[in-house]
Amino acid sequence: MTAYLLKRIIIAALTLVLASIVVFAVMEILPGDPARLMLGLNASADQVEVLRNQMGLNAPLVLRYLHWAGGLLSLDFGRSYTYSVPVIDLVRERVVVSLPLALIALALSTIIAIPVGVFSASRQGRAGDTLAMGAAQLGVAVPNFWFALILIYLFAVWLRLVPAGGFPGWSAGIWTALKSLFLPAIALALPQAAILGRVARSALIEVLNEDYIRTARAKGLPYRTVLWRHALRNAMIPVLTILGLQFAFLLAGTIIIENVFYLPGLGRLIFQAITQRDLIVVESIVMLLVAAVILINLIVDFSYAIVDPRLRAIPGKVRSGFPSGIAPKQILRAVQRFRETRNRSRGRQ
Amino acid sequence: MTLRVDLPEETLAGVLAKAFGNRSFLIGLIITLLVVAVALLSFVWTPYDVSRLVIADKTQPPSWAHWFGTDHFGRDILSMIMVGARNSIAVALVAVGIGMGIGVPLGAVAAARGGIVDEALMRLNDLVFAFPALLSAIMITAIFGPGAVNAIIAIGIFNIPVFARVARAGALAIWPREFILAARAAGKGMTQITVEHVLPNIATLLLVQGTIQFALGILAEAGLSYVGLGAQPPMPSWGRMLFDAQTRMVIAPWMAIFPGMAIVITVLGLNLLGDGIADILDPKSRRRR
């Protein structure tokens with residue numbers, strides 16, 4: 001197992017380094033001189049040159065990359081061109097909006113998806129299952145920003161229950177702040193719940209076909225007990241690992257939703273930064289999100305080994321292209337199914 | 001452990017009979033054909049001219065004259081949805097083409113060569129997957145400027161690893177089969193075997209993935225247009241219409257409702273179609289693959 005975990009860590013680190021090179025290269029080929037941008041149009045060439053030297057923009061490419069990447073490691077992203085404050089300060093301000101939003105959405109999606117999955121799996125092929133999975137099929141097709149608009153119309157404009165947008169800040173009281181995160185969280189959660197519900201259903205159906213379930217039934221346990229205590233517990237392994245994967249995409253998914261609700265989170269920050277050509281902010285946020293995705297994937301890989309004791313005995317032969325080479329078939333299939341369904345919903349991230 | 005029994009080749013009539021007995025496939029096919037028909041129809045006829053602004057008719061609620069109402073410039077929403085379908089379909093289709101055109105050869109090569117080539121290609125895949133797709137699409141369009149072409153490229157790039165993965169996984173399952181061995185014994189090379197035997201056998205897998213990526217492309221295009229990075233006005237696009245509707249939700253909710261429904265129905269149709277094809281061609285695979 002150690003070999004497996006070690007390989008996962010090395011691959012994750014390698015991906016991170018490659019990603020940073022890609023981001024750096026992309027920002028490098030972009031037109032526009034940050035020094036000129038900071039000084040404005042009236043600056044003389046000499047002034048620009050002085051500032052370029054100060055900012056280290058004239059150093060060789062490799063040195064600049066190493067300097068930038070080294071900064072990333074110590075969370076020193078540099079200074080924003082337009083705000084003239086350290087990027088990390090901007091990020092710190094915004095992450096307290098985006099992170100809770102993603103967490104609430106994740107919780108909501110789980111609370112909805114698990115019961116729906118259990119319901120559907122226990123009535124496989126019957127009317128209730130068809131209806132629930134039809135709804136899930138619909139949920140996968142709904143763009144979350146459109147769903148957000150409908151929610152705003154219903155709950156903010158029509159019923160006036162929650163604010164239509166904006167964020168008062170956590171200092172305005174937890175309840176007030178939570179209220180303004182409520183609609184965005186639902187908008188993010190429901191399409192994700194549709195995906196998770198489908199995964200939970202098929203994971204559960206697979207478990208229900210196992211021999212030990214038949215044994216449990218045969219020894220006279222009521223169906224309800226078998227379903228909730230025996231089957232669900234075993235089906236939770238793939239569901240939990242997939243939740244980890246979803247979290248990464250919820251984090252990125254806040255980008256558009258924050259724009260719908262005018263929430264001052266990372267998503268709005270990156271859009272403002274793009275329109276203001278504040279590239280250092282753009283590359284920092286992209287790197288942060290990429291690092292978060294890689295880290296969460298790594299944790300998911302680890303959790304395969306921790307959650308399922310069966311895995312610890314299997315030697316770590318890793319099939320390339322799939323992060324879960326040693327996972328039991330059940331998890332592999334669930335992850336595969338998840339990827340497939342997620343691909344359909346990529347558009348809403 | 002499963003025993004593999006190769007069933008005799010299915011006849012075309014048999015497949016067709018199964019296809020028309022499959023609800024998912026039928027509904028999906030009908031919706032998809034309908035959307036394509038509407039897009040084609042918009043080239044020759046729309047109820048109103050979408051390029052003409054009639055300010056006197058602005059933000060009219062749905063009526064007999066304007067079934068879906070009008071927008072803030074007095075343009076007919078139904079006509080705009082019809083023309084917008086072209087944009088959505090074109091962007092998603094070309095993006096799928098880019099993904100297949102580059103991804104499938106990469107995946108096929110990875111499966112055929114194995115070893116370090118395979119490892120390197122799959123690591124590259126991991127790299128692209130580490131970038132949240134929409135975030136990168138936003139970056140690409142922000143860098144090269146907004147517009148339909150750049151949206152296509154951005155979405156297409158993220159289709160490449162998806163198709164590479166599917167092609168590789170499918171090809172890996174084909175390579176150990178006896179008929180490949182026979183082909184090798186007959187002296188065929190890697191490339192020839194891939195083209196003549198492997199690709200035809202994974203074509204259905206690719207077709208299913210293609211419909212899924214097509215649906216995804218439509219959602220992605222809508223997302224990009226919604227944040228102003230997709231098709232530029234005056235070209236009508238569904239995402240852009242939703243953006244215009246956002247600030248007018250209170251006075252003209254129909255401006256948001258109908259374009260959104262167009263997206264949902266189209267994506268739903270394609271997803272059902274994909275599920276249906278997967279079911280028909282391989283009932284054992286259920287939704288797995």
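The values are calculated or read from the model by the stated rules, or taken from the named source; none is laboratory data. Note that the coordinates shown come from a computational prediction; the quantities given were computed from them, not determined experimentally. Cβ placement follows ideal geometry from the backbone for every residue including glycine, while neighbour counts extend to all protein chains displayed. These accessible areas exclude ligands, DNA and RNA; they are computed on the full protein's heavy atoms, side chains included. Shrake-Rupley method; radii C 1.70, N 1.55, O 1.52, S 1.80 Å.
General remarks:
- One residue stands out among those in region A:166-186 that are free of Cβ contacts under 8 Å to residues at least 40 places away in the same chain and not in a helix (DSSP H, G or I): the one that is farthest from B:A256 (Cα to Cα), which is A:G173.
Results for (1) within 14 Å of another protein chain (Cβ to nearest Cβ); (2) touching a helix residue (DSSP H, G or I) at 6+ places or on another chain (Cβ under 9 Å); (3) not hydrophobic (A, V, I, L, M, F, W, C), shown as yes or no for each residue.
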{"residue": "A:L72", "(1), (2), (3)": "no, yes, no"}
{"residue": "A:V91", "(1), (2), (3)": "no, yes, no"}
{"residue": "A:R94", "(1), (2), (3)": "no, yes, yes"}
{"residue": "A:P100", "(1), (2), (3)": "no, yes, yes"}
{"residue": "A:A105", "(1), (2), (3)": "no, yes, no"}
{"residue": "A:I114", "(1), (2), (3)": "no, yes, no"}
{"residue": "A:V118", "(1), (2), (3)": "no, yes, no"}
{"residue": "A:M133", "(1), (2), (3)": "yes, yes, no"}
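- Selection status of A:L178, closer than 25 Å to A:A107 by Cβ and either open to solvent by less than 70 Å² (accessible area, probe 1.4 Å) or more than 14 Å from chain B (Cβ to nearest Cβ) (or both): yes
- Verdict on B:V54 being touching a residue at least 40 places away in the same chain (Cβ under 8 Å), more than 24 Å from B:I265 (Cα to Cα) and surrounded by fewer than 16 Cβ atoms within 10 Å (Cβ to Cβ): no
- Residues satisfying the stated conditions in region A:137-147, i.e. in a helix (DSSP H, G or I) and either facing chain B (nearest Cβ under 7 Å) or more than 29 Å from B:T247 (Cα to Cα) (or both): A:Q137, A:L138, A:V140, A:A141, A:F145, A:W146
- Checked against the criterion of being without any contact (Cβ under 8 Å) to a residue 60 or more places away in the chain, under 19 Å from the mean Cα position of the chain (by Cα) and more than 9 Å from every other protein chain (Cβ to nearest Cβ), the candidates B:I152, B:I180, B:I116, B:I157 yield just one match: B:I157.
- Subset of region A:261-274 that is closer than 16 Å to B:M139 by Cα and not basic (K, R) - its residue that is nearest to the other protein chains (Cβ to nearest Cβ): A:I274
- Residues of region A:129-156 classified as open to solvent by less than 10 Å² (accessible area, probe 1.4 Å) and not hydrophobic (A, V, I, L, M, F, W, C), total: 3
- The number of residues in region B:208-238 being more than 14 Å from chain A (Cβ to nearest Cβ) and part of a helix (DSSP H, G or I) comes to 0.
- Failed item in (1) closer than 28 Å to A:G139 by Cβ; (2) out of contact with any Asp or Glu (no Cβ under 9 Å at 6 or more places or on another chain); (3) within 10 Å of another protein chain (Cβ to nearest Cβ), with A:E258 passing the rest: (3)
- Among the candidates A:A189, A:A231, the residue that is closer than 22 Å to B:V264 by Cβ, small (G, A, S) and surrounded by 21 or more Cβ atoms within 10 Å (Cβ to Cβ) is uniquely A:A189.
- Qualifying position, being at pLDDT 85 or above, of a type in the set (A, V, I, L, M, F, W, C) and closer than 24 Å to B:A85 by Cβ, among B:A164, B:A215, B:A186, B:A203: B:A215
- Selection within region A:234-283 - crowded, with 22+ Cβ neighbours inside 10 Å and assigned to a loop (DSSP other than H, G, I, E, B): A:L263, A:G265, A:D278
- A:P163 under 21 Å from B:A256 (Cα atoms) and outside any loop (DSSP other than H, G, I, E, B): no
- In this structure, A:R277 does not satisfy being out of contact with any strand residue (DSSP E or B) (no Cβ under 9 Å at 6 or more places or on another chain), within 12 Å of chain B (Cβ to nearest Cβ) and modelled with pLDDT of 85 or more.
- Qualifying residue in region B:264-272 (condition: touching a residue at least 40 places away in the same chain (Cβ under 8 Å), assigned to a helix (DSSP H, G or I) and more than 14 Å from chain A (Cβ to nearest Cβ)): no
- Output for region A:147-175, where each listed residue is in contact with a Phe, Trp or Tyr (Cβ under 9 Å, 6 or more places away or on another chain) and farther than 15 Å from A:Y262 by Cα: A:F155, A:L161
- Looking only at region A:201-217, and only at residues there that are within 13 Å of chain B (Cβ to nearest Cβ) and either of a type in the set (A, V, I, L, M, F, W, C) or not in a helix (DSSP H, G or I) (or both), the one that is surrounded by the fewest Cβ atoms within 10 Å (Cβ to Cβ): A:N209
- Neighbours by Cβ (under 6 Å, 6+ apart or cross-chain): first from region A:57-81, within 15 Å of A:L279 (Cα to Cα); second in a loop (DSSP other than H, G, I, E, B): A:S80/A:D278; A:Y81/A:D278
- Flag if A:G125 is within 13 Å of chain B (Cβ to nearest Cβ) and crowded, with 18+ Cβ neighbours inside 10 Å: no
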